[in-house]
Amino acid sequence: MNLLELGVNFFVALFALTDPIGNIPIFAAATASATPAQRRTIALYIALFAAGFMGFFYLTGLALLDFFGITLPAFRIAGGVLLFMLGLDMTRSDFMAHFADPEEVAPPPSMEGVEPGDTRAHTRELTRAYARKRFERLIVPFGMPLLIGPGAISAVIIQAGDATRLGPSGMAVGLGAIAATGAAIMAAFMLTGPISKLLGKVGMAIVVRVLGLILCALAVQFIISGLGETTYGFIRSSIANPAAH
């Protein structure tokens, strides 16, 4: 594998596993009360979190899991359980309300006591404060394990092993692929407004419920794969790892 193949394969795998396009309806529900500027800031925070989290596991790899005495199959099973719970929530009619918080609807910026020349800075500060507050509530379960789940972490660790064989340049290409994935996540979430208007509330609700069903099935697959890796002959290998067959 050369550097180009490593970078392309790594980016494609991470983009498919994080699935920013499929997560747009959930992000739209979570930022329904936000202004366009606030939504862009939240998208930036989530993209930085995703890239930083993946980069952390890329550089530390299995050493961190070994330090805590956690095996990758155990991590896969735990992530599958969390994803399954989230998937069940997504199939319920009140899932959008779970993310939407009417109490956090940002009021119009108050300009009382603010000099005319400082109004833009004041508005930017209010936008950042709102975005930070919403981001703190979206780290779990949206940032992890929905965006960055056990599949993405596993792919990062596996690709880190391949990059190590190519030396420092390979590691740099891998970090570039992670940064590109973060940029793709940010770009997708910044398009939430136009996509939300196109689909409407009914269309968004349908997409979220279908995604919830798919997420439940994906979670079950994670659990089966984890059990298949920790047992002998209990689960057929073709079921535990269908991609390998």
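Values in this text are rule-based calculations from the coordinates and carry no lab data. All values reported here derive from a predicted model rather than from experimental measurement. Here the Cβ is made from the backbone with ideal geometry for all residues, glycine too, and neighbour counts use every protein chain on show.
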Quick calc: nm separation of the 7 Å Cα→Cβ label points for VAL140 and THR119 -> 4.3 nm
Length gained, LEU213-LEU64, 0.36 nm per residue minus C-alpha separation, equals 50.4 nm
Length gained if THR230 through LEU166 is fully extended, taking 0.36 nm per residue and subtracting the Cα-Cα distance, is 20.0 nm
Between VAL12 and LEU198, the two model label points (7 Å from Cα along the beta-carbon direction) sit apart by a distance in nm of 2.4 nm
With GLY193 itself left out, Lys, Arg at +1 and Asp, Glu at -1 over residues whose Cβ is under 11 Å from its Cβ give +3
Ranked on Cβ counts within 10 Å of their own Cβ, fewest leading, ARG92, ARG40 go ARG92, ARG40
Under the 7 Å Cα-to-Cβ spin-label approximation, ALA74 and LEU88 lie apart by a distance in nanometres of 2.4 nm
